[in-house]
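Novice: Below are the structure tokens for one structure; questions will follow.
The values are calculated or read from the model by the stated rules, or taken from the named source; none is laboratory data. Not measured: the values here are computed from a predicted model. Cβ coordinates were reconstructed from backbone atoms using ideal geometry, including for glycine residues, and neighbour counts include every protein chain displayed. SASA here: full protein model, heavy atoms, side chains in, ligands and nucleic acids out. Shrake-Rupley method; radii C 1.70, N 1.55, O 1.52, S 1.80 Å.
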Amino acid sequence: DIPEAVVKTAFAEILGEPDVPKDWGGEQFDLWTTRLLVEGQQLRAAFLFKGPAEFKPMTISSLGKNGDQIDRLSSTAADVLVIQHCHSITAPVVNMARVYASDPRHPRRYLTIDGYDTIKILRHFKYID
């Protein structure tokens, strides 16, 4: 029941990111930040958010009209690719993220956050009860 825009704003606030872009078709990412800290290192992260309008497991076909949202996400200079969904995330989506993150010309980290982990994060930071 939590709108995607609310989740995106909460993640931006958690990261201390003041710039929350508006959604539009064909975007490379839903949220961009340089404020992600991993093991004390500041990294650039590109986020893809999928909300309750698609309340079913995330599949490749869930990733935009052409199934190319991970491709667009990975075309950024991000050090970390983050895929968040309100439901479960299927293995082919995780595999696609892994393949894009393993590009030897630009190796990077990737993270998937399913609905259960989203709820844990939002509860931890007191966005929901």
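Novice: Run the accessible area of the chain with a 1.4 Å probe and give the carbon-and-sulfur part as a rounded percent. It would help to have the intermediate numbers written out before the result.
Specialist: Values: 4060 of 7450 Å².
Carbon plus sulfur share of accessible area: 54 percent.
Novice: Using only Cα atoms, locate the centre of the stretch 1-31 and the centre of the stretch 44-97, then give the distance between them in Å, rounded to an integer.
Specialist: One Cα centre to the other: 14 Å.
Novice: Quick one: among Leu15, Leu63, Leu37, which has the greatest mean-square fluctuation in a GNM of the chain with alpha-carbon springs under 10 angstrom?
Specialist: Leu37
Novice: For the stretch 20-129, run through the trypsin sites (Lys or Arg not before Pro) and keep only the ones in DSSP coil with at most 16 other Cβ atoms within 10 Å of their Cβ.
Specialist: Listed in order of number, the matching sites are Lys22, Lys65, Arg105, Lys126.
Novice: Highest GNM mean-square fluctuation, the chain, Cα pairs closer than 10 Å: which of Phe47, Phe29, Phe55?
Specialist: Highest fluctuation of the listed residues: Phe55.
Novice: Give me the percent of DSSP beta bridges within the chain that run antiparallel, rounded to the nearest 5. Mind showing how you got there, number by number?
Specialist: Details: 6 of 18 bridges.
So the antiparallel bridges in the chain amount to around 35 percent.
Novice: For Val6 paired with Gln41, estimate the spin-label separation in nm (one decimal), with each label point 7 Å from Cα along the Cα-to-Cβ line.
Specialist: 3.6
Novice: Can you give me the relative contact order of the chain as a percent, contacts being Cα pairs under 8 Å and 6 or more apart? Present the calculation step by step, with values, prior to reporting the outcome.
Specialist: Values: 194 pairs, mean separation 27.0, N = 129.
For the chain, the relative contact order is 21 percent.
Novice: Another one. Name the residues whose placed amide hydrogens come within less than 5 Å of the amide hydrogen of Ile83, ignoring near sequence neighbours (fewer than 5 apart) on the same chain.
Specialist: Answer set, sorted by chain and number: Leu48, Leu111, Thr112, Ile113.
Novice: To continue, here is another question. Leaving out ligands and nucleic acids, and using a 1.4 Å probe, what accessible area per residue does the stretch 1-64 come to in Å²?
Specialist: With all protein chains present, the stretch 1-64 gives 57 Å² per residue.
Novice: If you add up the charges near Ala12, with Lys and Arg at +1 and Asp and Glu at -1, over every other residue whose beta carbon is less than 12 angstrom from its beta carbon, what do you get?
Specialist: Numbers: positive: Lys8, Arg35; negative: Glu13, Glu17, Asp19, Asp30.
Once positives and negatives cancel, what remains is -2.
Novice: If I take R0 = 30 Å and measure r between the Cβ atoms of Asn66 and Val20 in this structure, what FRET efficiency does the formula 1/(1 + (r/R0)^6) give, to the nearest 0.05? It would help to have the intermediate numbers written out before the result.
Specialist: Working: r = 25 Å, r/R0 = 0.84.
Calculated value: 0.75.
Novice: Compute the FRET efficiency between Ile119 and Ala77 as 1/(1 + (r/R0)^6), taking r as their Cβ-Cβ distance and R0 = 25 Å, and round to the nearest 0.05. The partial results should precede the final answer.
Specialist: Numbers: r = 30 Å, r/R0 = 1.22.
Computed FRET efficiency for Ile119 and Ala77: 0.25.
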